Amino acid sequence: MKKSKSVLFLLGAVFAALLGSTSVSVAEGPFVTSLRGDLGIASDAQIPAKRRIYKDVDPFYRTWKEQPPSMPHKDYSITIKENRCMECHGDESYREEEATKVGDSHYLHHNGRKTHRLAGARFFCNQCHTPLYKVEPLIDNEFKTSTRR
């Protein structure tokens, strides 16, 4: 018993010595450019200047068929009790406001039943619709849609 403990201890010591003496080498990979630019990881990020939102523009081209349209205005506060988007985009007001009407699909519940109010899953518009800002892209985008419209 004592001899087996000594052998195990000796093997463990040899193994630890071998592990400690090996050097770890890292393979050179492709150079990755950070979106932070030359700013070090410990430095505070630079907050970009506020960007202009598009106003009074033609409808935007959609990259894929079911893409939600972008908003050419700021996003409004939406709470569980109030959705300010409906002040302009609702059935009663969209003509007077010259705004896009909320799609009929937004009035369908998950079971396919049509309702006179927004479906719960469609109530928070800014889950899918985002304001569109006029900015230069951070990186080149070569995305091409896989289907034709």
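The table that follows gives values for the structure above.
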{"read-out": "Counted residues, segment 69-112 - those being in a loop (DSSP other than H, G, I, E, B) and among the aliphatic types (A, V, I, L, M)", "value": "3"}
{"read-out": "Residue list for segment 113-142, restricted to those being more than 13 Å from P68 (Cα to Cα) and not in a loop (DSSP other than H, G, I, E, B)", "value": "K114, G120, A121, Y133"}
{"read-out": "Selection count where residues are over 12 Å from C125 (Cα atoms) and among the hydrophobic types (A, V, I, L, M, F, W, C), scope segment 81-109", "value": "3"}
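A quick yes/no check of all residues on (1) under 20 Å from R84 (Cβ atoms); (2) surrounded by 10 or more Cβ atoms within 10 Å (Cβ to Cβ):
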{"site": "Y94", "(1), (2)": "yes, yes"}
{"site": "E97", "(1), (2)": "yes, yes"}
{"site": "V102", "(1), (2)": "yes, yes"}
{"site": "Y107", "(1), (2)": "yes, yes"}
{"site": "N111", "(1), (2)": "no, no"}
{"site": "L118", "(1), (2)": "yes, yes"}
{"site": "R122", "(1), (2)": "yes, yes"}
{"site": "Q127", "(1), (2)": "yes, yes"}
{"site": "V135", "(1), (2)": "no, yes"}
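Bear in mind these aren't lab numbers, they're just calculated from the coordinates by the rules spelled out. Keep in mind it's a predicted model, so treat the numbers as computed, not measured. Note that each Cβ is placed from the backbone with ideal geometry, even for glycine, and that neighbours are counted across all protein chains shown.
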